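Accompanying notes for the structure given below.
Read-outs: derived from the displayed coordinates by stated rules, not from any lab. These numbers were taken from a predicted model, which means no experiment stands behind them. Reconstructed Cβ throughout: ideal geometry from the backbone, glycine too, with neighbour counts over all protein chains shown.
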Amino acid sequence: MEARRAGQGLPLLTEGSAPAPAPPLSLRAARAGYGRIEILHGIDLVVHRGEVTALLGPNGAGKTTALNVMSGLLRPTDGCRHVAGRHLNDADADELARLGIRHIREGRSVYANLSVDDNLLVATSSGGSTDRIREVAYTLFPVLKERRTQLAGTLSGGERQMLALARGLGVDPAVLLIDELSMGLAPLVVAKLYDVVADVARAGVSVFVVEQFATLGLKYASHAYVMTNGRVTYDGPSADAIDAVHAAYLGAA
């Protein structure tokens, strides 16, 4: 993987110490919502550099809203959004995409009436070369090469998710935000997709995945957050998150 834009040239300096790189993306005391309805009530989230970070929680916890704030689809009404140490509350999704923030939205967001290959070409509009995105997509997912002239709307659910993931990875992102990677897919397909996610994190991409199925998130992530009712109730190693997960999903709190 090439050098990541969101982490370049923007270190935070501490007096008397060597420069320490800022997290590639973070929210601090962020509040956000829709109209007069506040969904996020002052949350802190950090995308950990070169790792898979998971955001877990039941339906209605505010997970997708948090991702929308992180990617620029929604502006925080209070608090801060930082990209590699820069305060960028007013940046929109296009600007953040040019900085290397890629958002794979829930529902396998591909253009159904375009071919697989044309879907990949559209992804280059905010950066990246045609050859590069094809190389990444067809190397990671050979089945897409076999289907390259096929309309994306005729692919299986798993293939559409592969295409959505390939579109995000083919432009060498700094941060990959993924919403519900496993939704509606067979376990074998989900395992393959998460193996790819783990591989790209090891290659240097910082991955932040929202996952309703907590066991999946805890299996692949190094760090986990748990949200309920628009608040973070756990922030720590995935290995220690199980009690917070039970409380969130079963109402034990």
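For the range 55-148, the list of GluC sites (Glu not before Pro) that fall in a loop by DSSP and count at most 13 other C-beta atoms within 10 angstrom is empty.
Taking each DSSP H run with n ≥ 4 as -39500 (n - 2.57) and averaging over every residue of the chain yields -9500 deg cm²/dmol at 222 nm.
Summarising the amide proton neighbourhood of residue 55: residues at separation of 5 or more, or on other chains, whose placed amide H is nearer than 5 Å comprise 209, 210, 211, 225. Among 51, 211, sorting on how many other beta-carbon atoms sit within 10 Å of each Cβ, with the fewest leading, yields 51, 211. Database remark: amide H of residue 78 closer than 5 angstrom to the amide H of 31 (H placed geometrically; neighbours at sequence offset of 5 or more, or on other chains; Pro and chain starts carry no H). With both bridge residues required to lie in the chain, what share of the DSSP beta bridges run antiparallel, to the nearest 5%? Roughly 55 percent of the beta bridges in the chain run antiparallel, per DSSP. Electrostatic tally near residue 27: other residues with Cβ closer than 15 Å to its Cβ, Lys and Arg +1, Asp and Glu -1, net +2.
Straight-line reach from residue 219: taking Cα to Cα under 23 Å and skipping same-chain neighbours fewer than 8 places apart, the lysines in range are 63, 192. For the range 29-94, the square roots of the Cα gyration tensor eigenvalues, ordered a ≥ b ≥ c, give a/c of at least 1.5 with a/b no greater than b/c, which places it in the oblate category.
For the range 78-183, the gyration tensor built on C-alpha atoms gives a prolate shape. Its axis ratio a/c (a ≥ b ≥ c) is at least 1.5, and a/b is the larger of a/b and b/c.
Phi angles across the range 72-86 convert, under the Karplus curve 6.51 cos²θ - 1.76 cosθ + 1.60 with θ = phi - 60°, into 3J(HN,Hα) values of x, 6, 9, 8, x, 7, 7, x, 9, 10, 10, 10, 6, x, 9 Hz, Gly and Pro given as x. What residue among 187, 76, 237 shows peak mean-square fluctuation when the chain is described by a Gaussian network model with Cα springs under 10 Å? Judging by the Gaussian network model, the answer is 187.
Using Cα-Cα distances under 8 Å and only pairs 6 or more residues apart, what relative contact order does the chain have, in percent?
Relative contact order here is 27 percent.
With a sphere of radius 11 Å drawn around the Cβ of residue 80, what net charge do the other residues whose Cβ falls strictly inside it have (Lys, Arg +1; Asp, Glu -1)? If you can, show how the numbers build up before the last one.
Numbers: positive: 28, 31, 81, 86; negative: 44, 78.
Neighbour charge sum, excluding residue 80 itself: +2.
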